[in-house]
Amino acid sequence: MESSDPLLKYENEIMAICFGSKDKWLEVSYLCQDDWVECKNELYDFYTLFTDNNIKIEPIMLTSVFLTYYGLITEKIKIEKESVEKLENIFRKILEELEVD
């Protein structure tokens, strides 16, 4: 993993979508921090698996992994369709940053 961590950079935006607001995320973040670290590792593993095999990865793929993994382990987030689109846009930015590194 590169020294700059795009997932960390966008963490507050991602979690604000999941928990309804940045304040709400900061309120519960201490309860979910270990889960988020595990989830980030899963996302980077997924990304690496695809890129190492020269398979193009789309933002919705990372969004799906995130929602499946993080949503299942925390059982604290409820995502609406509009939120999925917002998450996909954030993961698009993350992928762009990863491709530059």
What list of ³J(HN,Hα) couplings, whole Hz, do you get for segment 37-43 from phi and the Karplus terms 6.51, -1.76, 1.60, once you set θ to phi - 60° and write x for glycine and proline?
-> 4, 4, 5, 4, 4, 4, 5
Summarise the accessible area of the chain (1.4 Å probe, protein heavy atoms) by the percent that is carbon and sulfur.
-> 50 percent
For the pair E99 and S4, how long in nm is the line joining their label points, each one 7 Å along Cα→Cβ?
-> 1.6 nm
Exposure ranking of S4, S29 by accessible area [1.4 Å probe, largest first] = S4, S29
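Using the heavy atoms of the protein chains and a 1.4 angstrom probe, tell me the accessible area per residue for the chain in square angstrom. Could the numbers behind the result be given before it?
On the way: 6140 Å² over 101 residues.
Result: 61 Å² of accessible area for each residue.
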Simple spin-label model, 7 Å along Cα-to-Cβ: E38 to L26 in nm?
-> 2.7 nm
For the pairs K9/K56; K9/K40; K22/K86; K40/K93; K24/K81, note any where the Cα-Cα span goes beyond 18 Å.
-> K9/K56; K24/K81
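For segment 1-53, what does the alpha-carbon gyration tensor say about shape, rounded, prolate or oblate, given a ≥ b ≥ c as the root eigenvalues, a/c under 1.5 as rounded, and a/b over b/c as prolate? Present the calculation step by step, with values, prior to reporting the outcome.
Values: a/c = 2.49, a/b = 2.20, b/c = 1.13.
Prolate shape, in that a/c is at least 1.5 and a/b is the bigger ratio.
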Taking only the alpha-carbon positions of the chain and ignoring solvent, what does the Debye formula give for the base-10 log of I(q)/I(0) at q = 0.10, 0.11, 0.19, 0.23 Å⁻¹?
-> -0.25, -0.30, -0.92, -1.36
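Length gain on complete extension for the stretch N54 to E85, per 0.36 nm per residue less the alpha carbon to alpha carbon distance? Provide the component values of the computation, followed by the final result.
Numbers: separation 31, 0.36 × 31 = 11.16 nm, distance 2.55 nm.
Extending this stretch completely gives an extra 8.6 nm.
Hey, what number do you get for the chain at 222 nm if only DSSP H runs of n ≥ 4 count, each worth -39500 (n - 2.57), divided across all residues, to the nearest 500?
Working: 5 runs with 80 residues, N = 101.
Helices in the chain give a 222 nm mean residue ellipticity of -26500 deg cm²/dmol.
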With point charges of +1 on the Cβ of Lys and Arg and -1 on the Cβ of Asp and Glu, referenced to the Cα centre of the chain, which listed residue (T51, V28, V65) lies farthest in the positive direction of the dipole?
-> V28
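The values are calculated or read from the model by the stated rules, or taken from the named source; none is laboratory data. Note that the structure is a prediction, hence the values are computed from the model and not measured. Please note: Cβ atoms are built from the backbone with ideal geometry, for glycine as well, and neighbour counts cover all protein chains shown. Please note that ligands, DNA and RNA were not included when accessible areas were found on the heavy atoms of the full protein model with its side chains. Shrake-Rupley method; radii C 1.70, N 1.55, O 1.52, S 1.80 Å.
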